[in-house]
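Notes to accompany the following structure.
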Amino acid sequence: MDYREKILKLKKEKNALILAHFYQIPEIQELADYVGDSLGLAQKAAEADVDMIVFAGVHFMAETAKMLNPETLVVLPDMEAGCSLADSCPYDDFLNFKNSHPDHLVISYINTTAAIKTLTDIVCTSGNAVQIVESLPKDQKIIFAPDKNLGGYINRITGRNMLLWNGTCEVHDILSTEAILKMKEDNSDASIIAHPECNAPVLELADYIGSTTGMIKFTQIDSHKKYIVATESGIIHQMQKLSPEKEFLIVPSDSTCSCNDCPYMKLNTLEKLYLALKNETPSINMDKEIMELANKPILRMLDISKKLKII
Ligand code: 13P
Ligand code: SF4
């Protein structure tokens, strides 16, 4: 039996749900019960009625699933699957920053540790960040963490002046305008689409900016036949599957390298997923107090998203 068959058999026996992010390898996306962006994955985890969630993504996503569904066993195939953005916001430094701006409300991107979420008023994802900020009064002072690229993008879109934490994603921040301009020169008929974690000069070149779900949906409804895609390479699998007649060109990190795989997302393999399901480990275990505090701003986000019908 190959891993795929073994996983599907075990999944049934154990009443498990496999959730996968769009940056996972195609083999994992193909056997998952649900493939989505951070918001969709959190929404699915919250409503899951199963004995086990196998989270094919990174640590902050599995941690969020555990907080939203504390009675369910949540396993992450590789515990080393972290996130450079979450790592760019250490607790003590952020606590000092927050304390030096006591009149500010804290909005944190979901790509943070549970510890940072305990210092947060509302969590957001790239799929709802603009709407969450706009749901607040215009004169509300806001700290946005940890992604300065996403925060800068929201400031430009909403005309706000949020204080930005100086964090970035190591995968998106190095995508270069030079590489995109060269691709556009060779493919003048292509539309440029980008994830808001890309740096400002890259976003300036984009015809569409959005979450992974937003980018995929855009390629389905837009009339172009070719896309220059500025995000992690795993997304191409769903784009190509949903629009087989279209062409998708992934933006390389610079002119000499096409190393735009997220090293954390790509730690998950079919073998590790099978072992996690079989051995029910490594599992997400959290301090009860942290879990309760960190869950509050996530629930606020889900509540606002529900009211605004963002899925
Ligand atoms: P999405 O929520 O848009 O899928 O983004 C998650 C992420 O980690 C992007 O790097
Ligand atoms: Fe984190 Fe960047 Fe990987 Fe997304 S792509 S999980 S932000 S390191």
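The values are calculated or read from the model by the stated rules, or taken from the named source; none is laboratory data. Quick caveat: nothing in here was measured; it's all calculated off a predicted structure. Cβ sites come from the backbone with ideal geometry, for glycine too, and all protein chains shown count toward neighbours. Just so you know, the surface numbers come from the protein's heavy atoms only, side chains and all, with ligands and any DNA or RNA stripped out. Shrake-Rupley method; radii C 1.70, N 1.55, O 1.52, S 1.80 Å.
For this structure, a couple of remarks:
- Highest mean first, the peptides 169-182, 232-245 sorted by other C-beta atoms within 10 Å per residue fall in the order 169-182, 232-245.
- FRET efficiency, E185 to E271 (Cβ-Cβ, R0 35 Å, nearest 0.05): 0.25
- Here's the list of aspartates and glutamates a cross-link from K11 could span, going by alpha-carbon distance under 13 Å and ignoring same-chain residues fewer than 8 apart: D33, D51, E280.
- Stretched out straight at 0.36 nm per residue, the stretch from E292 to D139 would grow longer than its current Cα-Cα span by 52.1 nm.
- Shown for region 110-243: the carbon plus sulfur share of the solvent-accessible area, taken with all protein chains present and a 1.4 angstrom probe, equals 52%.
- Straight-line reach from K141: taking Cα to Cα under 25 Å and skipping same-chain neighbours fewer than 8 places apart, the lysines in range are K98, K117, K296, K306, K307.
- Diffusion constant of region 138-192 at 25 °C, which comes from Stokes-Einstein with the Kirkwood Cα-pair radius and 0.890 mPa s, µm²/s: 186
- Residue-averaged 222 nm ellipticity for the chain, from DSSP H runs of 4+ at -39500 (n - 2.57), nearest 500: -12000 deg cm²/dmol
- Start at zero, step by 20 Å, and the Cα-Cα distances of the chain spread as 33, 59, 8, 0 percent across the bins.
- For region 32-174, the Kirkwood hydrodynamic radius from C-alpha pairs, put into Stokes-Einstein at 20 °C and a viscosity of 1.002 mPa s, yields a diffusion coefficient of 135 µm² per second.
- Karplus-derived 3J(HN,Hα) values for region 149-161, using 6.51 cos²θ - 1.76 cosθ + 1.60 with θ = phi - 60°, are 6, 5, x, x, 4, 5, 4, 5, 5, 9, x, 8, 9 Hz; glycine and proline are entered as x.
- Rg over Rh for region 1-99 works out to 1.04, both radii taken from alpha-carbon positions and Rh defined as the Kirkwood radius.
- Rg in Å to one decimal, and Dmax rounded to a whole Å, for region 111-246 via C-alpha atoms: 15.9, 48
- Bins of 5 Å, starting at 0 and running to the largest distance - Cα pair percent for region 27-68: 5, 24, 39, 24, 8, 0
- Peptide ranges 51-63, 95-107 listed from the most packed, as the mean C-beta count within 10 angstrom indicates: 51-63, 95-107
- Förster radius 41 Å - calculated FRET efficiency between K9 and S223 (Cβ-Cβ, nearest 0.05): 0.45
- Projecting label points 7 angstrom from Cα along Cα→Cβ for D207 and N161 puts them 3.6 nm apart.
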